[in-house]
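Q: Mind looking over this structure? Questions follow.
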Amino acid sequence: MSEKQVNSLFWMGLFLTAVGVMGLYVLDLGLTEMDIYYSKIILYLSGLSTIYFGWKKIEHKFPDKRK
């Protein structure tokens, strides 16, 4: 995967997580219990993708341990 793709996926995941947290917790939308459950699943997955692609962004800056 190219650096440009990793960068764009990282920023998309970060944006989705930030907007989701604002929509779920800050705006306090009138959601049912099941809607909150589904939105939390989406938030967890987008947060995990943000962490994963954020790690991929900085992974090349660490020295290789195999050398």
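Q: Using a cut-off of 20 Å between alpha-carbon atoms, which aspartates and glutamates can reach K56, once sequence neighbours fewer than 8 places away in the same chain are excluded?
A: Reachable aspartates and glutamates: E3, D64.
Q: Normalise the Cα radius of gyration of the chain by 2.2 N^0.38 Å (N = residues in it) and let me know the number.
A: That ratio works out to 1.44.
Q: Set the Förster distance to 35 Å, then compute FRET efficiency between S39 and M1 from the Cβ-Cβ distance, nearest 0.05.
A: 0.80
Q: Only Cα pairs under 8 Å and at least 6 apart count here; give the relative contact order of the chain as a rounded whole percent.
A: Relative CO of the chain lands at 52 percent.
None of the figures in this text is laboratory data; all of them are computed from the coordinates on show. Keep in mind that what you see is a predicted model, and the values were worked out from it rather than measured. Note: ideal-geometry Cβ built from the backbone for every residue, glycine included; neighbour counts use all protein chains shown.
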